[in-house]
Amino acid sequence: MGILSKLIRNKPKTIECCSTNLDLFFTDEDLDLFDEYAQNNSLELKEMQCLDNCEECPISAYAVFDNKKVFADTPEQVLEKISKIRSN
């Protein structure tokens, strides 16, 4: 296995959240839940200024996990969907 393959394989998966979407849909408790989930599952949680999803951003809660946009009615449902993606 090459060095690049090892680096990619060992890089933690990331949950990215748009700061505007966080302000619109996430409570402090939701953020704590996401942080705890990320820590317990060796994931990186990042708050991004913008994820270039401006048309859908004000419509529902979402995050980007492993380069996949995950939408749901609530932040808790977003996390549930991310869990399902991880288990597949």
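The values are calculated or read from the model by the stated rules, or taken from the named source; none is laboratory data. Every value quoted in this text rests on a predicted model; they were computed, and no experiment measured them. FYI the Cβ positions are ideal-geometry reconstructions off the backbone, even for glycines, and counts take in every protein chain you see.
Okay, here's what the table says:
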| item | result |
| --- | --- |
| Region 72-88 - residue that is more than 12 Å from the chain's Cα centre (by Cα), farther than 19 Å from residue 59 by Cβ and among the polar types (S, T, N, Q) and, of those, surrounded by the most Cβ atoms within 10 Å (Cβ to Cβ) | 87 |
| Inter-residue pairs, beta-carbon under 6 Å, first at pLDDT below 95 and in region 77-88, second polar (S, T, N, Q), 6+ apart | none |
| Selected residue (only one of 24, 33 is assigned to a helix (DSSP H, G or I), surrounded by 10 or more Cβ atoms within 10 Å (Cβ to Cβ), modelled with pLDDT of 95 or more and touching a helix residue (DSSP H, G or I) at 6+ places or on another chain (Cβ under 7 Å)) | 33 |
| Tally of residues being in a loop (DSSP other than H, G, I, E, B) and either of a type outside the set (Asp, Glu) or over 11 Å from the mean Cα position of the chain (by Cα) (or both) across region 54-71 | 8 |
